[in-house]
Amino acid sequence: MKIVVLDGYTLNPGDLNWESIKQYGDLTVFDRTPYNDKDIINNIDDAEIVLTNKTPLNGSILAKTPNLKYIGVLATGYNVVDIEFAKKNNIIVTNVPDYSSSAVAQFTMALLLEMCHHVGAHDTAVKNGEWVKSKDFSFWNYPLIELSGKTLGIIGFGKIGKAMAKIAQVFGLKIKVYNRTVYTEFENDTLNFVALEELLRTSDIISLHCPLTKETEGFINSRSIAKMKDGTMIINTSRGPLINETDLTNALNEGKLSGAALDVISKEPMEKDNPLLGAKNCIITPHIAWAPKEARIRLMQTTVENLEAFLSGKPKNVVNA
């Protein structure tokens, strides 16, 4: 049984190991595979099992890897795989749900707190000598924001959205949720499900936790931003293409929005001409909300469980059944 990992470095840059997968076959791990059909096909070769995080597996690639029987996506999102082609050709595709919900919710709150207090910038200011030179015992270079009593709009109420709401309630935030399914059991004095229009119109902060679909792609754009309160802050730890980046840049530079914090962008790695690099009051981190070691250990464990279930003839977490 030949097993290939196409892009193992992000999951395991050296602090984990592949022994739990190696026990199931002849394992080859590529740290990275260039995103072109030729290199991907060459690296897969005659493997029956392929594990991929972000390396794309389109129909033309799958058509030229006839031995392939199983694709394990090393993530929750599986849009890198041509699901329909895989299904038609009896290739099982699995993902790893819910390994990083706590980590992503925690990181989302970290981004929000950074926008409110600019901890990093003030630390830099102190180390650059500004406090030593200060005439006062205290100074701040940015507006400081208290969260208690403000309204957080959460778009998407899966496990990460639920975890974010739980943390936000501790900070005294009022929460409005837009989701296709309304879970009345979560509603209380501080959390209500509302229509998207109301959420956009009344939220002080909007946090995106919804999947990327044809309906949600680019839905944060000039039209939806125009419906928001002046000074709204936006956080995205979900999928970069949810946001029209040119429209967001314009809204930040024109002062319509007071800040944005993004852990994901439309094309990763980031390109040097991305308009967000010229946006005011915009925090950008390199897609790391998912990546604490604890979360990656869970990701590895579930990947092994998925593989074991497939080999035993009872596959689980199948996304193309």
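Since every read-out is calculated from the coordinates, none of them should be taken as a lab result. Keep in mind it's a predicted model, so treat the numbers as computed, not measured. All Cβ positions, glycine included, derive from the backbone under ideal geometry; neighbour counts span all protein chains shown.
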Of the listed peptides 158-168, 267-277, 86-96, what is their order by residue-averaged count of other C-beta atoms within 10 Å, with the highest listed first?
-> 158-168, 86-96, 267-277
Have a look at Y99, Y70, Y183 and tell me which one the Gaussian network model of the chain (Cα, springs below 10 Å) gives the largest fluctuation.
-> Y183
Go ahead and estimate [θ] at 222 nm for the chain from helices alone: -39,500 (n - 2.57) per DSSP H run with n ≥ 4, summed, over the residue count, rounded to 500.
-> -9000 deg cm²/dmol
Counting sequence-distant residues (5 or more places) and residues on other chains, those with an amide H built under 5 Å from that of K229 are S203
Return the subset of K162/K214; K54/K314; K87/K316 for which the Cα-Cα distance in this structure is over 21 Å, preserving the input order.
-> K162/K214; K54/K314
How do the peptides 137-146, 207-216 rank, highest first, by the average count of neighbouring beta carbon atoms within 10 Å per residue?
-> 207-216, 137-146
Placing each pseudo-label 7 Å from Cα in the direction of the beta carbon, K22 and N253 end up separated by a distance in nanometres of 5.1 nm
Between E308 and L144, what length in nm is gained on full extension when 0.36 nm per residue of separation is reduced by their alpha carbon distance?
-> 54.0 nm
Rank E19, E254, E197 by mean-square fluctuation in a GNM of the chain with C-alpha springs under 10 angstrom and give only the top-ranked residue.
-> E19
Whole-Hz couplings from phi, Karplus 6.51/-1.76/1.60, listed for region 166-172; x for Gly and Pro | 4, 5, 5, 4, 5, 7, x
Anisotropy class of region 168-314 from Cα gyration tensor, a/c 1.5 cut | oblate
Among rounded, prolate and oblate, which fits region 57-188 when a ≥ b ≥ c are the square roots of the eigenvalues of its C-alpha gyration tensor, a/c under 1.5 means rounded, and a/b larger than b/c means prolate?
-> oblate
Cα centroids of region 23-47 and region 121-139: how far apart, whole angstrom?
-> 51 Å
What angle, in degrees between 0 and 90 and rounded to the nearest 10, separates the Cα long axis of helix 293-311 from the longest principal axis of the Cα atoms of the chain?
-> 30 degrees
Based on the mean of other Cβ atoms within 10 Å per residue, sort peptides 31-43, 122-134 so the most packed one is first.
-> 31-43, 122-134
Neighbour net charge for P56 - beta-carbon separation under 12 angstrom, K R +1, D E -1 | -3
